[in-house]
1. Restricting attention to the range 484-510, which residues are basic (Lys, Arg) and either within 17 Å of VAL284 (Cα to Cα) or part of a helix (DSSP H, G or I) (or both)?
2. Looking at (1) surrounded by fewer than 24 Cβ atoms within 10 Å (Cβ to Cβ); (2) within 23 Å of GLN224 (Cα to Cα), which is the only condition TYR149 fails?
3. Hey, among VAL532, VAL495, VAL522, which residue is at pLDDT 95 or above and not hydroxyl-bearing (Ser, Thr, Tyr)?
4. Consider the range 464-483. How many of its residues are of a type in the set (Val, Ile, Thr) and part of a loop (DSSP other than H, G, I, E, B)?
5. How many residues does the range 311-324 hold that are in a loop (DSSP other than H, G, I, E, B) and either of a type in the set (Phe, Trp, Tyr) or in contact (Cβ under 8 Å) with a residue 60 or more places away in the chain (or both)?
6. Right, PHE308: over 25 Å from ALA491 (Cβ atoms) and not in a helix (DSSP H, G or I) or not?
7. Given the conditions (1) exposed (fewer than 11 other Cβ atoms within 10 Å of the Cβ); (2) assigned to a loop (DSSP other than H, G, I, E, B); (3) at pLDDT below 80; (4) at negative phi, and given that PRO277 satisfies all but one, which numbered condition is not satisfied?
8. Would you pick out the residues in the range 392-419 that are under 15 Å from GLY157 (Cβ atoms) and either in a helix (DSSP H, G or I) or without any contact (Cβ under 8 Å) to a residue 60 or more places away in the chain (or both)?
Amino acid sequence: MLRRVAESVVLLWGWKRLVLAATAGGVSVLALPPVGFPPVLLGTFPILVWLVDGTGRGTAAGWLGGTRRAFAVGWCFGFGYFLAGLWWLGEAFLVQPDVFAWLLPIGVAGLPAFLALYTGLGVALAHALWSRGPWRVAALAFGLGLSEYLRGTLFTGFPWNAFGYALAAQDVMMQAASLVGVHALTVLVVFIAAALAVLLDPPAPAGRGRIAVPTIAAALVLGQLAYGAVRLAGATAATVDGVALRIVQPNLTQRERQGGTDHAAIIDRYLRLSTSPMPPISGVPRPTHVIWPESALPFTIEAGQGLFPRLARLLAPGAVLIAGIQRLDEGRTGKVFNSLYVFDHEARVLDRYDKVHLVPFGEYLPFPEIATAIGLEPLTRVLAFVAGTRRAPIATPGAPPFVPLICYEIIFPGHVTGDGHRPGWLINVSDDSWFGDTLGPRQHLHQARVRAVEEGLPVIRATTTGISAVIDGYGRVQAALGLGREGVLDAPLPVALPPTPASRAGLLPLIWALVTTLAVAVLARRSLRREVH
């Protein structure tokens, strides 16, 4: 029965093939938060294997035609995946619908269409290495593993919802990221999920690999779970002495911030939450480190000088305020930095960080001259941010140095600890209120948790409307404030773990995974040629 299903997928042609590819890609998103059900990939990736099987090979002309068909299948799979996983970005266009609503279709469908080019290229590359035997799944793991890495790095990169996050859906599974990182997990998850297709291959051409491939996939999963269980069994809940964190979540929506809400009322909300009573934490009666989210105040720091005396009254002696506040770029009229400030208890600025990795089309517009020429002039007026030049640990009184990460800077594997010595913790301030109660904030939290596991560092998240959280070096959420809640999160600071193998190895696990799958795919093709001749 199942083999007949596989054969019918292989024989699909035309638009039916492309629709099935897009559907399989869309369903694959169920492997990610908030559903977090990785077994769904055991159905969707075998479909992708069978669709590539059906693209055909033969003469040079046929090979080129097959590669084009494989690209189309991969593009449709990727488009379905990214459309289902990123539709929530359209919420941002509805904050000011009179200005940006007309861009909604471009924002919702345009980015998935672009990102799907990487998936299409990955499947086309896999097709170039394809063979009829069971080891062809290694070709798919290589092609998609490489294309997903390129998606996360080229043109400033956008690694959101990399396939590898499906292998980090739960606490136990997540620990594998401390060994190899999410890039290498992407290669592994494609191999593991696609291996099920091999069981439905006809016995004759498959040979012994028909059993070996699924066995290796099963062993990888069991090894991952065993490693995660052992690592968590030895996990501690140690915290840094003398540090009492207070994360402020004001629950201010973008419509409130931009709809004429009294600035004084916004400031009062922050001050009221920051000074509310706190139960003693590690023997400390008052917060030592108060953290506000990204762009906490609806004006620049230059316009808020009158606020400083009030800031001084909210902190105990020796305490600090860490807050996201925009500042003007004196050299360019109207341009601003998305910054994070550290104030002492007398409201003096101790340090500052300017966001380095700006969001394309969110904080700056690539090629603004072209954008203006094609009618995107409103965006060129609104997106007026300037990038900072360096990210490094910031020394903080009473606590280990931390590295600041503003908004989506947390999603880049291997690029979160900055220059210089290893920090003791990461602070991720964000304003996810642009996206409402959708998948976006939940996916953002999940990726922050995986960064904590990769680096072995606690991550402290402060967001405007949620999800604010304290995450330890094992990726476990120690405390959280959900979406749409106003309040504070009072918690100790988890200690940093020793550097993980993934943090020390950098790209080596990914390179190893890519070289291994490439070698297997090439050997399988050579073996096929020998059989033919």
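1. ARG504, the sole residue that qualifies.
2. (1)
3. The unique qualifying residue is VAL495.
4. Number satisfying all stated conditions: 3.
5. The total comes to 2.
6. no
7. It fails just one condition, (3).
8. LEU405, CYS407, TYR408, GLU409, ILE410, ILE411, HIS415, VAL416
The values are calculated or read from the model by the stated rules, or taken from the named source; none is laboratory data. Owing to the predicted nature of the structure, the values given are computational and were not obtained by experimental measurement. Positions of Cβ are backbone-derived with ideal geometry, glycine not excepted, and every protein chain shown enters the neighbour counts. Surface accessibility is based on the protein's heavy atoms, side chains included, excluding ligands, DNA and RNA. Shrake-Rupley method; radii C 1.70, N 1.55, O 1.52, S 1.80 Å.
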